[in-house]
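Everything on this sheet refers to the single structure shown next.
The values are calculated or read from the model by the stated rules, or taken from the named source; none is laboratory data. None of these values were measured; they are calculated from a predicted model. All Cβ positions, glycine included, derive from the backbone under ideal geometry; neighbour counts span all protein chains shown. The protein model used for the area step is the full one, side chains on, heavy atoms only, and it has no ligands, DNA or RNA in it. Shrake-Rupley method; radii C 1.70, N 1.55, O 1.52, S 1.80 Å.
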Amino acid sequence: MVPRPELFRAIRSGAIRFHRGQIARLTKTGAELDNGERLEVDCIIFGTGWRSDYGYLSKALQKRLGFAEDGIYLYRQMLHPEVPGLAFVGYASTVSNILAYHMQAMWLAALIAGRHKLPDREAQLREIAQLRDWKRSWMPFSHARAARLIAHLQHYLDELMVDMGLNPLRKRGPLAPLAEVFAPYQARDYRDLTADGLERPVPVRE
């Protein structure tokens, strides 16, 4: 991320105090840096970067999930049949993360409510393996390769829609057939879906 010019001006004016160092420990009223400097603060924001850390999961659980150097390969980017009852919402790297995560939450809510069902264990494992092999056959290595959807987001959203028994063709109006072919999909194309994966009529506002 490139900082905005206002950031540098605020630092030079003293409106923002710039500190070089890392947090050595937290105190009751703030934090102490590794250079000994103590900061009195009301809020600490942890900007942890792009590399995910799943150290909070036990080694045994990580093994059952199939942890690898390029991430965790999951059914629909959310579930693994070897660990029932555990779901990852937000484990997807796309061009529209908010939409993807919203759709994941809808899909999971509909699953819990019993409005759609998972395929059997073998079918899930087979699809996970196919996705893993496909990605590794052409996608450059990264520690987040398993989570990457990027240009394949639309296909992924279509899969979630079909699972929920909903029509993946979301364009509306008399020119909908042409729009399906030539117009890009946007978040508003899903505006008639409720938070739990149900459809409702929404007034069209273009």
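For the reader, a short list of remarks on this structure follows.
- Normalised alpha carbon radius of gyration of the stretch 75-206 [divisor 2.2 N^0.38 Å]: 1.12
- In Å², nearest 10: area of residue 163 left accessible to a 1.4 Å probe: 40
- Fully extending the segment from residue 102 to residue 15, taken as 0.36 nm per residue of separation minus the present Cα-Cα distance, adds 27.6 nm.
- Translational diffusion of the stretch 26-86, µm² s⁻¹ [Kirkwood Rh, Cα pairs; Stokes-Einstein; 10 °C; 1.306 mPa s]: 106
- Helix 97-112 and the long axis of the chain differ in direction by around 60°, with both axes built from C-alpha atoms.
- For the chain, the longest site-free run once trypsin sites (Lys or Arg not before Pro) in DSSP loop states with at most 11 other Cβ atoms within 10 Å are removed: 118-204
- When you filter the GluC sites (Glu not before Pro) in the stretch 64-122 for DSSP loop state and at most 15 other Cβ atoms inside 10 Å of their Cβ, you are left with 69, 82.
- A probe of 1.4 angstrom, applied to the heavy atoms of all protein chains, finds residue 127 with accessible area near 70 square angstrom.
- Structure-based [θ]222 nm, the chain - -39500 (n - 2.57) summed over DSSP H runs of at least 4, per residue, nearest 500: -10000 deg cm²/dmol
- Rolling a 1.4 angstrom probe over the stretch 61-206 with all protein chains present gives an accessible area of which 60% lies on carbon and sulfur atoms.
- Helix 153-163 vs. the chain, principal-axis angle (Cα, 0 to 90°, nearest 10): 50
- Solvent exposure, largest accessible area first (probe 1.4 Å, DNA, RNA and ligands not counted), of 137, 96, 142: 137, 96, 142
- Summary value for the chain: 17 percent relative contact order, contacts being C-alpha pairs under 8 angstrom separated by 6+ residues.
- Sequence-distant aspartates and glutamates (8 or more away, or on other chains) whose Cα lies within less than 18 Å of residue 171: 158, 159, 180, 189, 192, 199, 206
- Per-residue SASA remark: residue 102, around 90 Å² accessible (1.4 Å probe; ligands, DNA and RNA not included).
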